[in-house]
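Inspection log for the structure reproduced underneath, given as structure tokens.
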Protein chains: 2
Amino acid sequence: MNLTDAKAQFIQSWGIMGSQWGINRTMAQIHALLIIAAHPLTAEEIMEQLSISRGNTNMNVRELIDWGLLQKVIVPGERKEFFTAEKDIWKVATLIMYQRKKRELDPMVKVLNQLSEVEGDKNDADVKAFTETIGNIKKFTGQAEKTLDTMIKAEENWFWSSFLKLFK
Amino acid sequence: MNLTDAKAQFIQSWGIMGSQWGINRTMAQIHALLIIAAHPLTAEEIMEQLSISRGNTNMNVRELIDWGLLQKVIVPGERKEFFTAEKDIWKVATLIMYQRKKRELDPMVKVLNQLSEVEGDKNDADVKAFTETIGNIKKFTGQAEKTLDTMIKAEENWFWSSFLKLFK
DNA sequence: TATATGTTTCAATATTTATTGAAAGTTTAG
DNA sequence: CTAAACTTTCAATAAATATTGAAACATATA
């Protein structure tokens with residue numbers, strides 16, 4: 001496989017994976033394109049490379065910037081805006097984890113907290129079973145959140161040394 | 001909030017979260033319904049509780065069984081099939097992680113392996129940059145997979161004791 | 001200031017994905 | 001064996017989601 005095909009394949013696969021995880025395919029493809037791009041690209045170039053419209057490009061680039069995965073780059077002497085991606089995969093992963101936690105897990109946790117205050121006879125077997133189930137889920141998510149926070153705050157090196165050993 | 005409302009709210013939120021993570025909303029709702037159900041339910045009851053069709057129920061229940069999240073239950077003296085969910089949240093989490101790894105991460109890893117064999121001048125800066133990027137992603141996913149495997153194989157207690165301490 | 005270059009918005013449209021429901025298939029009890 | 005009870009399938013349809021493209025908006029240059 002040559003470099004051009006390999007890049008196309010990477011963009012394709014990254015896009016499919018994104019869509020399976022609830023991330024818009026185009027957004028994932030733009031991200032992939034910029035991860036493997038040798039230089040920052042303009043909106044124009046992104047459009048061409050992925051055969052997508054200007055509007056689509058603009059919206060998804062904005063979303064990616066919002067996630068912290070892309071940055072605008074100023075190129076002296078150029079009117080156009082250039083975009084570049086974070087290439088450190090550890091940082092990419094933590095950024096994505098952080099965003100998804102914030103957007104999807106946190107609201108669920110909020111709901112769980114409300115649900116543990118369900119009223120009713122505490123001796124009623126049904127009420128008891130429900131609050132216990134919710135309690136267990138809360139305990140689990142609480143733990144998962146702590147782990148995630150630690151990972152997000154951690155330095156890459158820490159991951160590749162300590163963390164690695166502990167899980168072997 | 002009373003028990004009935006709380007249950008409805010839980011099903012609703014679990015469904016929304018599922019859809020944000022690329023899991024069909026109805027599938028997540030059926031799962032939620034059975035997690036908080038006091039007894040195993042029939043397809044009939046699932047249909048009624050969620051106001052969904054027979055076909056939809058059947059398809060999503062099958063998928064959930066395929067994921068290992070639901071089981072058929074034989075109730076003596078009953079013709080109908082009953083369904084029950086795994087209620088241990090740790091087991092639920094590991095089952096989901098295992099399935100998603102298998103279905104979505106593994107194919108990506110396969111592609112990455114192909115991509116690292118890109119042909120071309122190894123001194124070409126572009127080829128070099130590409131293979132390096134792919135190499136880094138592979139290293140990362142390899143590590144993530146190991147971690148996941150360990151978690152999947154681990155006992156719940158281990159998570160709640162050792163793992164917990166290490167991440168504090 | 002006028003014009004060209006570049007960016008953003010969003011209603012219309014296309015695409016993808018989920019759902020229905022009725023027919024076909026299967027199993028059990030009598 | 002056969003009728004009733006129950007389950008599965010899948011083409012048609014509905015609903016959700018993504019994409020386009022042209023007009024409005026913004027900004028730099030001459």
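For the reader, a short list of remarks on this structure follows.
- Remark: spin-label model distance B:Lys110-A:Ala144 equals 2.7 nm, labels positioned 7 Å along the Cα→Cβ axis.
- Radius ratio Rg over Rh of the stretch B:3-85, counting only Cα atoms, Kirkwood formula for Rh: 0.95
- Partners of A:Lys102 within straight-line reach, counting lysines whose Cα lies under 19 Å from its Cα and excluding those fewer than 8 residues away in the same chain: A:Lys91, A:Lys110, A:Lys138, A:Lys139, A:Lys146, A:Lys153.
- Between the stretch A:1-38 and the stretch B:34-94, the Cα center-to-center distance that results, in Å: 37
- Rounded to the nearest 20 debye, dipole of chain A from Cβ charges on Lys, Arg, Asp, Glu: 320
- Reduced Cα scattering model of the protein assembly as shown, Debye log10 I(q)/I(0), q = 0.12, 0.13, 0.16 Å⁻¹: -0.97, -1.09, -1.42
- Extension gain, B:Glu117 back to B:Ile52 (0.36 nm per residue minus Cα-Cα distance, nm): 18.5 nm
- The apolar share of the surface of the stretch A:3-85, taken as the fraction of accessible area on carbon and sulfur atoms (1.4 Å probe, ligands and nucleic acids excluded), comes to 50 percent.
- Dipole magnitude of the stretch A:3-85, debye to nearest 20 (Cβ charges: Lys/Arg +1, Asp/Glu -1, about Cα centre): 80
- Around the Cα centre of the protein assembly as shown, unit charges on the Cβ atoms of Lys, Arg, Asp and Glu (plus for the first two, minus for the last two) sum to a dipole of about 460 debye.
- Charge sum, other residues only, whose C-beta stays under 11 Å from A:Gln12's C-beta, Lys/Arg counted +1 and Asp/Glu -1: +1
- A dipole drawn for the protein assembly as shown from +1 and -1 charges on Cβ atoms has a positive end, and of B:Ala32, A:Ala32, A:Asn136 the residue lying farthest that way is A:Asn136.
- Averaged per residue, the protein assembly as shown has 55 square angstrom of accessible surface, using a 1.4 angstrom probe with ligands and nucleic acids left out.
- Rounded to whole Hz, the Karplus (6.51, -1.76, 1.60) HN-Hα couplings of the stretch A:50-65, x for glycine and proline: 9, 6, 10, 6, 4, x, 4, 4, 4, 4, 6, 5, 4, 4, 5, 5
- Summed over both chains, the accessible area lost when B and A associate is about 4900 Å², using a 1.4 Å probe.
- Translational diffusion of chain A, estimated by Stokes-Einstein from the Kirkwood radius over alpha carbon pairs at 25 °C in a medium of 0.890 mPa s, is 129 µm² per second.
- Summing charges over all other residues whose Cβ lies under 10 Å from the Cβ of A:Lys128, with Lys and Arg as +1 and Asp and Glu as -1, gives -3.
- Taking other residues whose beta carbon is less than 12 angstrom from the beta carbon of B:Ile52, and scoring Lys, Arg as +1 and Asp, Glu as -1, yields -1.
The values are calculated or read from the model by the stated rules, or taken from the named source; none is laboratory data. Model, not experiment: these values are computed from the prediction. Note: ideal-geometry Cβ built from the backbone for every residue, glycine included; neighbour counts use all protein chains shown. Calculation scope for accessible area: heavy atoms of the full protein, side chains included, ligands and nucleic acids excluded. Shrake-Rupley method; radii C 1.70, N 1.55, O 1.52, S 1.80 Å.
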